[in-house]
Amino acid sequence: MVETESLMPANHLFRQVDAAVNFEKLHEIVEPLYSENKGQNSIDPAVLFKIVLLQHLDGNISLRGTLRRAQTGVAYRWFLRYTLSEELPHFPVLSPTIFSLYLGSAP
């Protein structure tokens, strides 16, 4: 199986951002907001943040467009830590979460 790591150029912008930002810190920040005993499994908060970041880094005005790009974009999948065969989060699940967490309003 082909790994995204082997397809990702060494000097790619997303590699530079990944090296410069401690995305694990997001887990510490949002940990009190998540419950281990209630509801269904959540989308990794770092992935939520990275999707919005990708949207801005790539100049994409559409969250849907960003997710479409991630479907086939190796660099996007590498940055989000998704393999080529893993299913990405669905827009209807992702959209309300991103709007409420990062933008402070509902769509």
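The values are calculated or read from the model by the stated rules, or taken from the named source; none is laboratory data. Everything numeric here is computed off the predicted structure, so don't read it as measured data. All Cβ positions, even for glycine, are placed from backbone atoms using ideal geometry, and neighbour counts span all protein chains on display. Accessible surface is based on the protein model in full, side chains and every heavy atom, while ligands, DNA and RNA are left aside. Shrake-Rupley method; radii C 1.70, N 1.55, O 1.52, S 1.80 Å.
Set side by side, the residues K50, K25 differ, and just one is of a type in the set (K, R) and open to solvent by 40 Å² or more (accessible area, probe 1.4 Å), which is K25. Is it fair to say R64 is open to solvent by 100 Å² or more (accessible area, probe 1.4 Å) and at positive phi? No; evaluated as a whole, the condition is false for this residue. Checked against (1) surrounded by 12 or more Cβ atoms within 10 Å (Cβ to Cβ); (2) at pLDDT below 90, V2 passes all but condition (1). Scan the stretch 72-86 and give yes if some residue there is under 18 Å from A10 (Cα atoms), out of contact with any helix residue (DSSP H, G or I) (no Cβ under 8 Å at 6 or more places or on another chain) and buried (at least 16 other Cβ atoms within 10 Å of the Cβ), otherwise no. So far as the stretch 72-86 goes, yes, one or more of its residues are under 18 Å from A10 (Cα atoms), out of contact with any helix residue (DSSP H, G or I) (no Cβ under 8 Å at 6 or more places or on another chain) and buried (at least 16 other Cβ atoms within 10 Å of the Cβ).
Can you tell me which residue in the stretch 22-36 is nearest to V47 (Cα to Cα), limited to those that are of a type in the set (D, E) and modelled with pLDDT of 75 or more? Filtering the stretch 22-36 for residues that are of a type in the set (D, E) and modelled with pLDDT of 75 or more, the one nearest to V47 (Cα to Cα) comes out as E24.
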